[in-house]
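Only the coordinates and a few stated rules stand behind these numbers; no lab work does. Just so it is clear, the structure is predicted and the values come from calculations on it, not from any experiment. In this analysis, Cβ positions are derived from the backbone assuming ideal geometry, glycine residues included, and neighbour counts consider all displayed protein chains.
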Amino acid sequence: MSKKELRLAGSGGQGVILASVILAEAAVIAGKYTTQSQSYGPEARGGACKAETLISDSPIGFTKVQDPDFLLALTQKALDKYDKNLKDSCVVMIDDSLETPEDIPLERVIRLPILKTAREEVGRLQTANVVAVGCINELLKIVSRESIEEAVEMHVPKGTEALNKKALEAGENLMAGYLAGGKKKTEKQPESSGSEKASDHDLKSKAAEETGNGSEGSEKDHPLPGVTAKPGKVLA
């Protein structure tokens, strides 16, 4: 990874600024160069806001994100406001409750149940930002698992470390399942029961199995630009 420009968008109160700070902190822990900024409307909660992180292996000149490589959107209002003038290679990750704008090619969009995972699997909707962090790092391989977990523990409220580590892992598994099964993983599937349900370990195992787990000679291109189908390897 030489440089990544990330834009995270949602509504006030969803924690996208904290998610951006966690990603920047993890980059510092990993020995990378980084900058972080945010902007939001006058509403304390409910209004669209964005936070941006620039992460690089070399010193950074201009410190603002100009041409994002990645956009996360957790609300429709934020997506509609901050999806303008994206470059052709920008990967867009949205909650699966949102409608994809017509001007964004579907092959560049990842739709995942981020909010549902936070609410139903982790048990608290407020952890959606950390679920998203897990998804982002599993997809882009910005830093190691140890670095991202340390950054989460540094910035979440005291007493919630275990809950947020659970959210981080849930996000990693969500993205691992997507990478293992491609776009079909984001489509609504019928409920399974009993032994048919895949455990978190099964999802990661399947992802590693289908992508070679970073072994030589087994690299497989992912349909999204700039994304590797190797969830076991850190691109740094």
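Summary of values
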{"read-out": "Likely footprinting exposure, Glu52, Glu25, Glu102, fewest C-beta neighbours within 10 Å first", "value": "Glu102, Glu25, Glu52"}
{"read-out": "Nonlocal amide H pairs with Ile110, under 5 Å, H built at 1.01 Å", "value": "Val92, Met93, Ile94"}
{"read-out": "For Val92, Val16, Val65, Val28, order by how many other beta-carbon atoms lie within 10 Å, fewest first", "value": "Val28, Val65, Val92, Val16"}
{"read-out": "Residue-wise HN-Hα coupling along segment 134-150, computed from phi with Karplus coefficients 6.51, -1.76, 1.60 (Hz; x: Gly, Pro)", "value": "x, 4, 5, 5, 5, 7, 8, 6, 6, 9, 6, 4, 5, 5, 5, 5, 4"}
{"read-out": "Overall form of segment 1-109 per C-alpha gyration tensor (a/c, 1.5; a/b vs b/c)", "value": "oblate"}
{"read-out": "Likely footprinting exposure, Tyr33, Tyr178, fewest C-beta neighbours within 10 Å first", "value": "Tyr33, Tyr178"}
{"read-out": "In nm, spacing of pseudo-spin labels at Ala162 and Ser2 (7 Å Cα→C-beta vector)", "value": "4.6 nm"}
